[in-house]
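What follows is a single structure, written as structure tokens, with notes after it.
The values are calculated or read from the model by the stated rules, or taken from the named source; none is laboratory data. Predicted, not measured: the structure shown is a model, and the values here were computed from it. We place every Cβ from the backbone using ideal geometry, glycine too, and count neighbours over all the protein chains shown.
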Amino acid sequence: MTQFFTWLAENDITVTAPQHISRSHIIDYLAHLADHGRSGVTRARKLAAIREYCTFLVDENRLPASPAATIAMPKKERKSRVFLRVDEYMRLLNAAAGHSRDYAILQLFLQTGIRVVELTRLLLTDVDLDGQTMLMNGKGNKQRTMYLEKKAIQAIRAHLADRPRSLDQHLFLNYQGTGFSVRGVMDSVQKYRNLAGITKQCSCHSLRHTCATHKAAKGFTPRQIQDLLGHEKVETSFISVHLATTDARKLMEQTSL
């Protein structure tokens with residue numbers, strides 16, 4: 001509120017009491033913040049504080065009505081989604097080519113859009129390479145079947161050939177022979193990002209966006225992307241429409257990254 005009062009003092013000397021604050025003052029202040037590069041999140045927070053202050057004044061009978069009550073809340077900008085270009089994800093894969101586990105992990109991110117938590121939960125029994133399918137345990141313990149394409153299958157086969165023997169049944173193990181952690185996977189992706197000379201802030205979630213972006217460019221519909229990535233909210237993508245088995249297999253091959 002202090003910044004709002006300072007702005008008022010600098011822009012309208014006639015405002016000497018709370019009763020003088022008008023709806024236009026508040027709108028102009030929010031426009032001032034926008035002009036100076038303040039985000040929608042910041043402007044929404046400022047408006048919320050002004051609304052609370054005005055409501056207090058109304059409750060104290062110092063204002064007949066709140067001048068902020070009918071002002072629409074500024075929209076909160078969506079964070080930009082980072083994804084890799086073809087040359088970038090190829091460099092990423094090449095950087096991990098000498099390590100079968102890490103190469104398989106990167107291939108799964110790029111080919112299936114799997115979440116990092118889902119990847120760390122994968123068990124040996126979840127993967128059917130002969131049937132070219134993989135069972136994923138997603139958010140809310142919801143399961144979905146993923147159709148694997150050739151590059152992912154080849155990468156997993158190579159990983160299994162090198163995978164150390166362990167009583168732990170996770171598909172991907174750390175150097176101690178137990179399930180690879182989310183932090184471990186994230187650190188691994190950052191390592192190969194650096195080795196590949198990729199300057200943008202590429203994360204596991206960026207690889208998920210890379211998968212979705214390139215598959216959309218190659219013909220996947222929003223509904224098919226929702227089915228692929230396991231989205232739940234309508235805001236994220238359209239209502240899930242499951243593909244026929246033959247169509248899903250064909251699309252996975254045709255849109256292989």
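If I filter region 118-132 for residues that are of a type in the set (A, V, I, L, M, F, W, C), surrounded by 19 or more Cβ atoms within 10 Å (Cβ to Cβ), more than 21 Å from Pro164 (Cα to Cα) and out of contact with any strand residue (DSSP E or B) (no Cβ under 8 Å at 6 or more places or on another chain), do I get at least one hit? Within region 118-132 (the criterion being of a type in the set (A, V, I, L, M, F, W, C), surrounded by 19 or more Cβ atoms within 10 Å (Cβ to Cβ), more than 21 Å from Pro164 (Cα to Cα) and out of contact with any strand residue (DSSP E or B) (no Cβ under 8 Å at 6 or more places or on another chain)), the answer is no, since none of the residues qualifies.
One residue is enough: does region 74-81 have a residue meeting the conditions more than 30 Å from Ala152 (Cα to Cα) and touching a Pro at 6+ places or on another chain (Cβ under 6 Å)? No; the residues of region 74-81 include none that is more than 30 Å from Ala152 (Cα to Cα) and touching a Pro at 6+ places or on another chain (Cβ under 6 Å).
Go through region 80-92 and give me each residue that's of a type in the set (A, V, I, L, M) and assigned to a loop (DSSP other than H, G, I, E, B).
If we filter region 80-92 for residues that are of a type in the set (A, V, I, L, M), which is where we start, we get 82, 84, 86, 90, 92.
Matches in region 80-92: Val82, Leu84.
Scanning region 127-143 for residues that are over 16 Å from Leu106 (Cβ atoms) and touching a Ser or Thr at 6+ places or on another chain (Cβ under 9 Å) yields Val127, Thr133, Leu135, Met136.
Looking across region 93-152 at every residue that is part of a helix (DSSP H, G or I) and hydroxyl-bearing (Ser, Thr, Tyr), the one that is nearest to the chain's Cα centre (by Cα) is identified as Thr112.
Looking for whichever is within 24 Å of Ser203 (Cα to Cα), in the same structural domain as Ile225 (by TED's automatic domain parsing) and modelled with pLDDT under 90 here; the options are Arg91, Arg144, Arg101, Arg121. Which one fits? Outline the logic, then answer.
On the way: Arg91 fails: modelled with pLDDT under 90; Arg101 fails: modelled with pLDDT under 90; Arg121 fails: modelled with pLDDT under 90.
Every option except Arg144 fails the conditions.
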